[in-house]
Amino acid sequence: MAGIVLSGSCSSRLLLRDREAGSNGASLPQYNGLRAVDTMHLPSSRTPKLSCSGPKCRTIRAMASPTVSAPKRETDPKKRIVITGMGLVSVFGSDIDYFYNKLLEGESGITQIDKFDATNYSVRFAGQIRDFSSKGYIDGKNDRRLDDCWRYCLVAGRRALDEANLGSEALEKLDKTRIGVLVGTGMGGLTAFSNGVEALIQKGYKKITPFFIPYSITNMGSALLAIDTGLMGPNYSISTACATANYCFYAAANHIRRGEADIMVAGGTEAAVMPTGIGGFIACRALSQRNDEPKRASRPWDKDRDGFVMGEGCGVLVMESLDHAMQRGANIIAEYLGGAVTCDAHHMTDPRSDGLGVSSCISKSLEDAGVNYVNAHATSTLAGDLAEVNAIKKVFKNTSEIKMNGTKSMIGHGLGAAGGLEAIATVKAITTGWLHPTINQDNLEPEVTIDTVPNVKKQHEVNV
């Protein structure tokens with residue numbers, strides 16, 4: 001499991017908060033929400049030009065477990081990490097505001113599968129992406145060859161760079177050896193792999209396409225995005241199932257903090273809504289089988305949940321040192337405060353019922369944070385949902401001021417892309433002051449005593 005903390009959120013332990021910085025170049029206040037609590041000085045020769053769209057935040061404290069020593073909050077502007085761009089491909093399209101508005105409306109993106117004939121499958125629905133367009137981002141010839149996993153990555157990555165004002169002209173003025181890419185995936189190019197195996201079995205090895213291996217392996221998203229943009233910094237992938245994107249954010253931040261990069265393009269991508277993906281998870285007995293009500297199938301923390309719903313897509317953040325962002329006059333959306341990675345050493349798929357692995361990960365990432373919002377993993381599985389709640393209640397002794405929601409209730413479980421999509425939802429919660437609902441909550445588990453924003457959006461000033 002992986003957790004990161006944003007000035008804003010815990011999305012599998014991703015900590016984010018809203019950001020605003022000084023504008024005179026002489027000093028940069030250390031903000032608690034948007035309230036300066038102490039001052040650190042920067043060289044006066046720099047003239048940063050920053051803007052922040054988030055609402056002014058009040059301070060709400062939540063006590064972390066006293067048995068875990070949390071890291072100290074970073075004060076060096078070269079080691080403080082900010083978010084300057086976001087990009088996604090989702091069941092609700094590739095526009096971030098439209099995506100989040102759909103979430104706020106409580107609209108489900110779960111539909112019957114029509115990418116392939118699923119008539120004889122015991123699960124026939126998913127968070128399938130429709131009407132995807134790569135126009136303007138991938139040339140036609142390459143577009144036809146690529147696995148959807150890499151198509152989603154290229155579009156989301158380029159859109160994130162564009163939002164960060166890092167288009168091709170801007171990148172030419174920067175040192176590209178100090179800009180890296182770290183976009184992971186849980187399954188990789190699953191369609192490319194399946195097609196290669198099918199060609200081998202039906203026609204023999206001579207009929208395997210030369211793109212079989214390159215377009216199957218998990219690092220190809222990061223590689224293709226780097227080739228497309230000329231970024232020559234750290235470049236690889238991480239594959240840790242549904243924690244993938246958060247591991248990538250955590251590792252990307254560490255590259256910046258160690259001085260190995262100024263900017264990292266990081267996130268997760270996945271395209272497993274295809275026969276092997278759906279069939280494989282059916283075999284695991286992990287998926288909901290609510291075929292008669294697909295839009296009501298993903299129901300985190302509800303007593304009637306019967307498994308998760310497959311999703312797909314890509315979510316990417318542009319992570320940058322505060323120092324570098326200020327020097328180039330970037331728009332700062334949020335600040336990454338820290339993260340942690342742990343393992344509960346328990347089972348291949350089931351979490352410990354007491355949530356110990358999760359709670360230790362949360363505690364290690366907290367940084368005395370003042371958390372008042374959690375974007376939960378909340379897959380809609382019988383064991384996972386309650387284990388996560390137990391972990392959160394173990395860490396936060398008083399949860400009365402915390403609100404917690406489940407994005408997967410509307411878009412399904414994006415596997416390696418899940419943390420990326422949910423990080424973007426978290427940042428939007430910070431900057432808009434509105435939390436999307438957790439839909440399909442008709443009969444809440446009694447152990448869930450935290451406000452899960454059931455069925456209707458809520459206004460909430462998120463601190464961390």
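The values are calculated or read from the model by the stated rules, or taken from the named source; none is laboratory data. Being a predicted model, the structure only gives us computed values, none of them experimental. Positions of Cβ are generated from backbone atoms using ideal geometry, with glycine treated the same way; all protein chains shown enter the neighbour counts. Ligands, DNA and RNA are excluded from the accessible area calculation, which covers all protein heavy atoms including side chains. Shrake-Rupley method; radii C 1.70, N 1.55, O 1.52, S 1.80 Å.
Per the listing ALA272, ALA261, the residue uniquely more than 28 Å from ALA199 (Cα to Cα) and either charged (D, E, K, R) or not in a helix (DSSP H, G or I) (or both) is ALA261. In region 232-247, the residues that are touching a residue at least 24 places away in the same chain (Cβ under 8 Å) reach residues that are part of a helix (DSSP H, G or I) and of a type in the set (S, T, N, Q) with C-beta atoms within less than 7 angstrom, at least six apart or across chains, in these pairs: MET232/THR177; GLY233/THR177; ASN235/SER222; TYR236/SER222; SER237/SER222; ILE238/THR244. Taking region 230-251 as the range and being buried (at least 22 other Cβ atoms within 10 Å of the Cβ) and either outside any loop (DSSP other than H, G, I, E, B) or modelled with pLDDT under 95 (or both) as the test, the residues that pass are CYS242, ALA243, THR244, ALA245, ASN246, TYR247, CYS248, PHE249, TYR250.
The residue list ASP323, ASP292 contains one member that is assigned to a helix (DSSP H, G or I) and more than 24 Å from CYS153 (Cα to Cα), which is ASP323.
Condition check for GLY311 on (1) open to solvent by less than 10 Å² (accessible area, probe 1.4 Å); (2) under 28 Å from ASN165 (Cβ atoms): one failure, at (2). Taking into account only those residues within region 139-173 that are in a loop (DSSP other than H, G, I, E, B) and either free of Cβ contacts under 8 Å to residues at least 40 places away in the same chain or within 18 Å of ILE96 (Cβ to Cβ) (or both), which is most open to solvent (accessible area, probe 1.4 Å)? Only one residue fits best here, namely LYS173. Taking the criterion of being of a type in the set (Val, Ile, Thr) and surrounded by fewer than 17 Cβ atoms within 10 Å (Cβ to Cβ), the residues of region 179-216 that qualify are VAL197, ILE201, ILE208, THR209, ILE213. If the condition is being in contact with a Cys (Cβ under 7 Å, 6 or more places away or on another chain) and either over 23 Å from ALA423 (Cα atoms) or not aliphatic (A, V, I, L, M) (or both), then region 267-307 contributes GLY267, GLY268, THR269, GLU270.
Within region 190-201, residues that are closer than 13 Å to LEU146 by Cβ reach partners that are part of a helix (DSSP H, G or I) and acidic (Asp, Glu) with beta carbons closer than 8 Å, at six or more positions or on different chains, in the pairs THR191/ASP148.
In the condition set (1) on the phi < 0 side of the Ramachandran plot; (2) without any contact (Cβ under 8 Å) to a residue 40 or more places away in the chain, GLY204 is compliant with all but (1).
Just one of the listed residues (GLN289, GLN327) is in contact with a Lys or Arg (Cβ under 8 Å, 6 or more places away or on another chain), open to solvent by 40 Å² or more (accessible area, probe 1.4 Å), modelled with pLDDT of 95 or more and among the polar types (S, T, N, Q), namely GLN327. Against the conditions (1) open to solvent by 40 Å² or more (accessible area, probe 1.4 Å); (2) touching a residue at least 12 places away in the same chain (Cβ under 8 Å), ILE227 satisfies every one except (2).
Restricting region 441-454 to residues that are open to solvent by 10 Å² or more (accessible area, probe 1.4 Å) and touching a Ser or Thr at 6+ places or on another chain (Cβ under 9 Å), the residue that is farthest from ILE333 (Cα to Cα) is LEU444.
If you go through region 382-411 and pick out every residue that is in contact (Cβ under 8 Å) with a residue 60 or more places away in the chain, surrounded by fewer than 23 Cβ atoms within 10 Å (Cβ to Cβ) and of a type in the set (Ser, Thr, Tyr), you end up with 1.
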